[in-house]
1. In region 114-158, how many residues are part of a loop (DSSP other than H, G, I, E, B) and under 24 Å from Phe85 (Cβ atoms)?
2. Can you confirm whether Ala68 is touching a residue at least 40 places away in the same chain (Cβ under 8 Å), surrounded by 17 or more Cβ atoms within 10 Å (Cβ to Cβ), touching a His at 6+ places or on another chain (Cβ under 7 Å) and under 17 Å from Val140 (Cβ atoms)?
3. Would you check if Phe38 is buried (at least 16 other Cβ atoms within 10 Å of the Cβ), at pLDDT 95 or above and among the aromatic types (Phe, Trp, Tyr)?
4. Filter region 49-65 down to the residues that are open to solvent by less than 70 Å² (accessible area, probe 1.4 Å), outside any strand (DSSP E or B) and of a type in the set (A, V, I, L, M, F, W, C) and list them by number.
5. For region 104-125, give me the residue count where each residue is among the aromatic types (Phe, Trp, Tyr) and either at pLDDT 95 or above or open to solvent by less than 40 Å² (accessible area, probe 1.4 Å) (or both).
6. Being under 16 Å from the mean Cα position of the chain (by Cα) and open to solvent by 80 Å² or more (accessible area, probe 1.4 Å) is the filter; apply it to region 71-103 and report the residue that is modelled with the lowest pLDDT.
Amino acid sequence: IVTCLCNDSPIDSIYILENKNMSITMKQWSAPNKGALFVVTGPSGTGKTTLVHHALAHTPHISFSISATTRPKRSTEENGKDYHFMDTQTFRKEVEQGSFLEWAKVYDNFYGTPKKPIQDALNRGQSIILDIDPQGAAQVRARMPDCTSIFILPPSIDVIESRLRSRNTDSEDVISAR
């Protein structure tokens with residue numbers, strides 16, 4: 001997806017690059033009547049969050065979905081803004097109740113996307129963007145095949161490692177696992 005900017009001002013259009021039959025074409029995208037779901041995914045450290053924040057800043061008609069997690073809150077994060085932080089028992093209860101559009105255990109912690117806020121927003125005609133891991137993205141594509149899925153490839157493993165280290169938020173064990 002390409003969001004067009006002119007002198008850092010958003011143009012109220014989104015364009016999609018398509019690769020069909022070894023040729024790339026660009027077409028203007030327009031949201032369906034009930035809103036659209038964009039799923040941005042890729043390995044840790046590829047820049048998903050940076051890209052999503054840029055898209056949100058320059059595309060005012062798209063909103064961000066806040067995921068739930070059992071991992072500890074980082075010092076720079078705010079509950080209800082960056083994530084919905086919860087303990088493992090509460091998360092498992094939400095899973096049993098079918099409250100998540102997708103969920104996965106990633107690096108010894110649970111992550112999930114609350115289903116109701118997504119459904120409500122889409123039904124109001126509001127488009128939503130998710131920033132989730134590849135396991136969760138596969139679940140969303142299976143449940144909502146009309147979503148637009150965007151996989152972010154890293155430039156290299158060395159770049160990912162450098163980005164994870166520069167965050168200064170994870171232990172050596174976590175960085176190695178990622």
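1. Of all residues in region 114-158, those part of a loop (DSSP other than H, G, I, E, B) come to 124-126, 133, 144-147, 152-156.
If we keep only those that are under 24 Å from Phe85 (Cβ atoms) as well, we get 133.
Residues flagged as part of a loop (DSSP other than H, G, I, E, B) and under 24 Å from Phe85 (Cβ atoms) within region 114-158 amount to 1.
2. Working: touching a residue at least 40 places away in the same chain (Cβ under 8 Å): yes; surrounded by 17 or more Cβ atoms within 10 Å (Cβ to Cβ): yes; touching a His at 6+ places or on another chain (Cβ under 7 Å): yes; under 17 Å from Val140 (Cβ atoms): yes.
Taking the combined requirement at face value, the residue satisfies it.
3. Details: buried (at least 16 other Cβ atoms within 10 Å of the Cβ): yes; at pLDDT 95 or above: no; among the aromatic types (Phe, Trp, Tyr): yes.
For Phe38, the condition - buried (at least 16 other Cβ atoms within 10 Å of the Cβ), at pLDDT 95 or above and among the aromatic types (Phe, Trp, Tyr) - is not met.
4. Those that are open to solvent by less than 70 Å² (accessible area, probe 1.4 Å), outside any strand (DSSP E or B) and of a type in the set (A, V, I, L, M, F, W, C): Val52, Ala55, Leu56.
5. At the first step, the residues of region 104-125 found to be among the aromatic types (Phe, Trp, Tyr) are 107, 110-111.
Now narrow it down to the ones that are either at pLDDT 95 or above or open to solvent by less than 40 Å² (accessible area, probe 1.4 Å) (or both): 110-111.
So the answer is 2.
6. Lys81
The values are calculated or read from the model by the stated rules, or taken from the named source; none is laboratory data. Everything numeric in this text was worked out from a predicted model, so none of it was measured. Positions of Cβ are generated from backbone atoms using ideal geometry, with glycine treated the same way; all protein chains shown enter the neighbour counts. Note: areas computed on protein heavy atoms with side chains; ligands, DNA, RNA excluded. Shrake-Rupley method; radii C 1.70, N 1.55, O 1.52, S 1.80 Å.
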